[in-house]
Amino acid sequence: MSANTIIDKAPLGALIRYTDGSPKPPARFTKKLASWERSNGVGRLVKKEPQRPYPTWTAPASFTLHEGNFSSDGVILVTIMRSHSADSRLVFEVIEEPKVGQVRVLLDFGGNTELLHLAVSVNAAELWIAKEGYRSARFEIVGAENDDGAGEAAIAA
């Protein structure tokens, strides 16, 4: 599917696979392998951004995937995020959607919503927010989006 389809239909928290269709080179070709890995991977959908007009140009709609963290002794040192624009030539596939009952921990800023964490339960989401200290985070229960906002709750730290 195209990047536009991901922007239009994939829910926050979905696992997305992307590929350029080329075969994976052997591990002994490290530069070719590194290049291939930039165009082929998996990430969790954490943000969608609409088209943004600027005085001299218009930025296309885009989405951001969280591909992983590098940590040491339980401290995250580097977070790998990769953004793709709506005009990307890559092929995308939703390989897993969040399960009903999971809880999205969300942060709203600049007119956009970003997924901070996908928890297994409300209690786990509340503990994660308390531990991480996001004062303006809110959570949303997956599957309750169509219940007139009944699945949303604001969390005060």
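The values are calculated or read from the model by the stated rules, or taken from the named source; none is laboratory data. Everything numeric here is computed off the predicted structure, so don't read it as measured data. When we count neighbours, we look across all protein chains shown, and the Cβ atoms used for this are built from the backbone with ideal geometry, even at glycine. Heavy atoms of the whole protein, side chains included, go into the accessibility calculation; ligands, DNA and RNA do not. Shrake-Rupley method; radii C 1.70, N 1.55, O 1.52, S 1.80 Å.
For the range 45-125, please list each of the strands (runs of 3 or more DSSP E) lying entirely inside it that holds at least 1 residues being of a type in the set (Val, Ile, Thr) and closer than 23 Å to Arg138 by Cα. Correct list: 62-72, 75-85, 103-109, 112-119.
The single residue among Ser121, Ser62, Ser83 that is surrounded by 15 or more Cβ atoms within 10 Å (Cβ to Cβ), at pLDDT 90 or above and of a type in the set (Ser, Thr, Tyr) turns out to be Ser62. Might you let me know whether the range 21-33 holds any residue that is assigned by the TED database to the domain that holds Ser85 and within 24 Å of Thr5 (Cβ to Cβ)? Yes, the range 21-33 contains at least one residue that is assigned by the TED database to the domain that holds Ser85 and within 24 Å of Thr5 (Cβ to Cβ).
Under the condition of being part of a loop (DSSP other than H, G, I, E, B) and polar (S, T, N, Q), which residue from the range 1-44 is least open to solvent (accessible area, probe 1.4 Å)?
To start, the set of residues in the range 1-44 that are part of a loop (DSSP other than H, G, I, E, B) comprises 1-2, 10-14, 20-29, 39-40.
From what is left, the residues that are polar (S, T, N, Q) are 2, 22, 39-40.
Details: Ser2: 52, Ser22: 47, Ser39: 33, Asn40: 14 Å².
Result: Asn40.
Of the candidates Gly133, Gly74, the single residue that is more than 27 Å from Met1 (Cβ to Cβ) and assigned by the TED database to the domain that holds Ile7 is Gly74.
Pro23: on the phi < 0 side of the Ramachandran plot and without any contact (Cβ under 8 Å) to a residue 24 or more places away in the chain, yes or no?
Numbers: on the phi < 0 side of the Ramachandran plot: yes; without any contact (Cβ under 8 Å) to a residue 24 or more places away in the chain: yes.
Yes: the conditions hold for Pro23.
Every condition in (1) at pLDDT below 90; (2) exposed (fewer than 11 other Cβ atoms within 10 Å of the Cβ); (3) more than 23 Å from Ala130 (Cα to Cα) is met by Arg89 except one, and the failing one is (1).
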